[in-house]
Amino acid sequence: SLRATGRYDDAIGLARRLAVSSGEDDASLLRRVRASSMIGELLVLKGEYEAGLAQLEEASHLAQAHGVDDLLTISNLLAKQSIANNHLARWDESTRLIDRALAVAEPIKERYPEDYATWLALASIPRGYPRLDLPAAEALLQRSLAFHEAHGLADNGQYSVTQGDLAQILMYQGRFEEAEPLLLDVIARMIDHYGESHRQTSFKLNDIALL
């Protein structure tokens with residue numbers, strides 16, 4: 001709840017207390033890794049990208065050193081490191097990390113379909129945002145949308161965000177007639193989900209105006 005309300009420093013303080021847990025049993029170690037990972041994510045949200053990445057790498061080293069084998073935790077940690085590298089425009093490293101996250105998550109994707117669909121979409125960012133490989137970015141976004149639909153997740157907010165990302169990739173390729181109906185659908189969903197004055201809705205309204 002602290003994270004959701006933007007109280008990042010308070011959330012970091014709480015996570016730091018969890019991260020120094022003295023237990024050495026498997027549950028305590030997993031809790032420490034997750035807390036350390038949360039600190040890194042919060043630092044990235046604050047715009048402290050280098051510090052956030054260093055914290056995430058520390059969490060990864062902790063997990064490796066103690067043989068933490070929870071696939072969801074490891075995949076999530078890799079995805080967070082990818083996001084931090086995106087902010088630093090380290091596209092190759094981001095691609096490597098998010099592809100590893102997807103590979104690690106493959107055995108558990110049916111148990112955690114929302115996470116897996118999100119990571120598929122994340123894998124498009126270091127390929128599509130710098131326009132290094134637009135066809136690959138498009139394919140990943142299409143896979144994410146299909147995975148959402150196959151698992152009854154087409155009504156959540158992330159589905160709309162992914163649609164919007166796909167529309168942007170189509171626009172980058174000059175495929176405006178394909179992008180327009182997608183953007184109109186995204187806007188309708190975002191107005192329903194977030195409201196007309198929400199920042200995400202405003203972004204897409206601006207996109208359709210440009211289109």
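The values are calculated or read from the model by the stated rules, or taken from the named source; none is laboratory data. Owing to the predicted nature of the structure, the values given are computational and were not obtained by experimental measurement. As a convention, Cβ positions derive from the backbone with ideal geometry for all residues, glycine included, and neighbour counts pool all protein chains shown. Accessible surface is based on the protein model in full, side chains and every heavy atom, while ligands, DNA and RNA are left aside. Shrake-Rupley method; radii C 1.70, N 1.55, O 1.52, S 1.80 Å.
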Tell me, what is the percent relative contact order of the chain, built from C-alpha pairs under 8 Å that lie six or more residues apart? 10 percent
Residues other than GLN142 with Cβ under 12 Å of its Cβ, Lys/Arg counted +1 and Asp/Glu -1, net out at -3
State, to one decimal in nm, how far the label point of ALA146 lies from the label point of ALA188, with both points 7 Å from Cα in the Cβ direction. 2.4 nm
PHE176/ALA136 FRET efficiency (R0 25 Å; Cβ-Cβ; nearest 0.05): 0.75
Percent accessible area from carbon and sulfur atoms, the chain, protein chains only, probe 1.4 Å: 51 percent
What's the FRET efficiency of GLN64 with ARG7 using the Cβ-Cβ distance as r and R₀ = 30 Å, to the nearest 0.05? 0.45
Taking the Cα-to-Cβ direction at ASN156 and at GLU110 and moving 7 Å from each Cα, how far apart do the two end points lie in nm? 1.8 nm
Once semi-axes √(5λ) of the Cα gyration tensor in Å is worked out from the coordinates, which option in [x] 32, 19, 16; [y] 29, 24, 18; [z] 37, 18, 16 does it equal? [x]
Protection-proxy order for peptides 178-188, 63-73, each taking the mean of Cβ atoms within 10 Å per residue, highest first: 178-188, 63-73
Per residue, accessible area of the chain with a 1.4 Å probe, heavy atoms of protein chains only, in Å², comes to 51 Å²
